[in-house]
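Colleague: Here's a structure for you.
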Number of protein chains: 2
Amino acid sequence: MMASKSEAPSERTRAKRLNEYARYDRETLHAILDAAPYCHVGYVLGGAPVVTPTIHWREGDEVFWHGSSASRMIRKSEGVEVCLTVTLLDGLVLARSGFNHSVNYRSAMLFGRTEAVEDRHEKLRVLEYFMERILPGRWATLRPPSEQELKATKILKMPIVEASAKVTEGMPKDEPEDYDWPVWAGVVPIVSEVKAPHADPRNLPGIAMPDYVKKYRLGGA
Amino acid sequence: MMASKSEAPSERTRAKRLNEYARYDRETLHAILDAAPYCHVGYVLGGAPVVTPTIHWREGDEVFWHGSSASRMIRKSEGVEVCLTVTLLDGLVLARSGFNHSVNYRSAMLFGRTEAVEDRHEKLRVLEYFMERILPGRWATLRPPSEQELKATKILKMPIVEASAKVTEGMPKDEPEDYDWPVWAGVVPIVSEVKAPHADPRNLPGIAMPDYVKKYRLGGA
């Protein structure tokens, strides 16, 4: 039912125990992290799990996300163990039995302890990197960040050390004897797409839509 | 930056503490749960969070998901507190300052204790409901489930009691003085779409693509 790419990372104690996830190679993992426009971050609050969506980005072997310094999610997930999961649904897989129905998807799970990016210069640098990866050229054209805005923004990062990925693709895998069952089987593809941008009616006269907006595609430049 | 619909549920102790999430009305919450083709379920394993993607469905005031009885995620999330989160990304919101950039999205978080659906008849009924909601008419045409398949499938359910939703939409909300900054602002819409289905090359001759496949749209019938 699934085609998974594999290579053992150096540390993977918890991921290893999660038998529904495959081992991964770094290239596959990075590609999934980069293609996913957002992630879900899980952390433990008072002994119970909380799962919050947020926008992440990757630079090298680290993932980053950010939010308001006042946000409970950001405050409670600093310096603690989190699980960051991204998932891209690629299609429904319709088999000849209910049991063999499935979905094609790409997913990555990262486990680790987060750390805040504290240095003012480094905060600016990683925020610029984040925007430039999605909308190259935009950062320099914006109203620059104020000191107050920078203080009000907390950036968390986590090394990609303990991680796993899963990629499933292709046609249904039915029981051999079911291929004679007279029902349509196949795959219904699902894709996330960018549509024509809408300009803010409050844009100044003569401000044209930049090329990086016209060319924006999911997964970055 | 956000337009949130609200109405207090009877119990919402933990959701209440999550100040980044708004209160919700049942209709908004159900609409988000139904529109999202999959969710992320968070649970605690050995004191640390684990976040796993899975396909969920809703019937009335309960959500369901299922998997192999042997799956660690399914085994470890039975009878424990979980957080089930769904998120639909609707667009990038490009503001005049980096700080005011955001995304438009719809998200719902449910908190609660899961329970397995144990009764054989009820398991069949909820699986049929699940498929009929997505692909009406398909269930009766499939090779019927075997007793072994039914035993190998675990279905978890959770009442929708403690929950919250958030809906953000519209144009950037910039600082009043930034509207004179000469940069393009606006929204880049993102949508998930169904593409033309691919028939399994191993389909029997003369098996036509059913209407429910041709008509399938995200969010159910």
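Colleague: So which residues in segment A:168-199 are β-branched (Val, Ile, Thr) and in a loop (DSSP other than H, G, I, E, B), if there are any at all?
Modeller: A:183
Colleague: Are there any pairs with C-beta distances below 7 angstrom linking a residue in segment B:97-111 that is under 14 Å from residue A:67 (Cβ atoms) to a residue that is open to solvent by 10 Å² or more (accessible area, probe 1.4 Å) and among the aromatic types (Phe, Trp, Tyr), with the two at least 6 apart or on different chains, and if so which?
Modeller: Pairs found: B:98/A:139.
Colleague: While we're here: Could you name every one of the strands (runs of 3 or more DSSP E) located completely within segment B:28-124 that has at least 1 residues being more than 8 Å from every other protein chain (Cβ to nearest Cβ) and charged (D, E, K, R)?
Modeller: Values: elements: B:39-45, B:48-54, B:56-59, B:62-68, B:81-94, B:102-113.
Hits in segment B:28-124: B:56-59, B:62-68, B:81-94, B:102-113.
Colleague: Next question. Kindly indicate the residue of segment B:125-138 that is more than 7 Å from chain A (Cβ to nearest Cβ) and free of Cβ contacts under 8 Å to residues at least 40 places away in the same chain and also farthest from residue A:187 (Cα to Cα) among those meeting that condition.
Modeller: If we take residues in segment B:125-138 being more than 7 Å from chain A (Cβ to nearest Cβ) and free of Cβ contacts under 8 Å to residues at least 40 places away in the same chain, then B:125 is farthest from residue A:187 (Cα to Cα).
Colleague: Now for a separate question. Return only the number of the condition from (1) more than 25 Å from residue B:87 (Cα to Cα); (2) charged (D, E, K, R); (3) modelled with pLDDT under 95 that residue B:217 does not satisfy.
Modeller: (1)
Colleague: Condition (residue is open to solvent by less than 30 Å² (accessible area, probe 1.4 Å) and within 30 Å of residue B:199 (Cα to Cα)) applied to segment A:59-71: is it met by at least one residue?
Modeller: No, because not a single residue in segment A:59-71 is open to solvent by less than 30 Å² (accessible area, probe 1.4 Å) and within 30 Å of residue B:199 (Cα to Cα).
Colleague: Inside segment B:163-205, can you point out the residues that are crowded, with 16+ Cβ neighbours inside 10 Å and more than 10 Å from every other protein chain (Cβ to nearest Cβ)?
Modeller: Passing the criteria: B:163, B:164, B:165, B:167, B:168.
Colleague: Condition test on residue A:217, is it more than 7 Å from chain B (Cβ to nearest Cβ) and either open to solvent by 60 Å² or more (accessible area, probe 1.4 Å) or free of Cβ contacts under 8 Å to residues at least 12 places away in the same chain (or both)? It would help to see each step written out before you state the result.
Modeller: On the way: more than 7 Å from chain B (Cβ to nearest Cβ): yes; either open to solvent by 60 Å² or more (accessible area, probe 1.4 Å) or free of Cβ contacts under 8 Å to residues at least 12 places away in the same chain (or both): yes.
For residue A:217, the condition - more than 7 Å from chain B (Cβ to nearest Cβ) and either open to solvent by 60 Å² or more (accessible area, probe 1.4 Å) or free of Cβ contacts under 8 Å to residues at least 12 places away in the same chain (or both) - is met.
Colleague: For segment A:210-219, enumerate the residues that are closer than 19 Å to residue B:90 by Cβ and assigned to a loop (DSSP other than H, G, I, E, B).
Modeller: The answer is A:216, A:217, A:218, A:219.
Colleague: Moving to a separate point now. Here are some residues: A:58, A:106, A:96. Which one is at pLDDT 95 or above, within 27 Å of residue A:172 (Cα to Cα), under 20 Å from the mean Cα position of the chain (by Cα) and of a type in the set (Lys, Arg)?
Modeller: Details: A:58 fails: within 27 Å of residue A:172 (Cα to Cα); A:96 fails: under 20 Å from the mean Cα position of the chain (by Cα).
Only one candidate qualifies: A:106.
Colleague: Out of all the residues in segment B:125-158, which are within 17 Å of the chain's Cα centre (by Cα), among the charged types (D, E, K, R) and either surrounded by 18 or more Cβ atoms within 10 Å (Cβ to Cβ) or in a strand (DSSP E or B) (or both)?
Modeller: B:157
Colleague: List the number of the failed condition for residue B:110; all other conditions in (1) within 19 Å of residue B:31 (Cβ to Cβ); (2) surrounded by fewer than 22 Cβ atoms within 10 Å (Cβ to Cβ) hold.
Modeller: (2)
The values are calculated or read from the model by the stated rules, or taken from the named source; none is laboratory data. Note that the coordinates shown come from a computational prediction; the quantities given were computed from them, not determined experimentally. Don't worry about glycine lacking a Cβ; one is built from the backbone with ideal geometry, like all the others, and counts go over all protein chains shown. Surface areas here come from the heavy atoms of the whole protein model, side chains and all, with no ligands, DNA or RNA. Shrake-Rupley method; radii C 1.70, N 1.55, O 1.52, S 1.80 Å.
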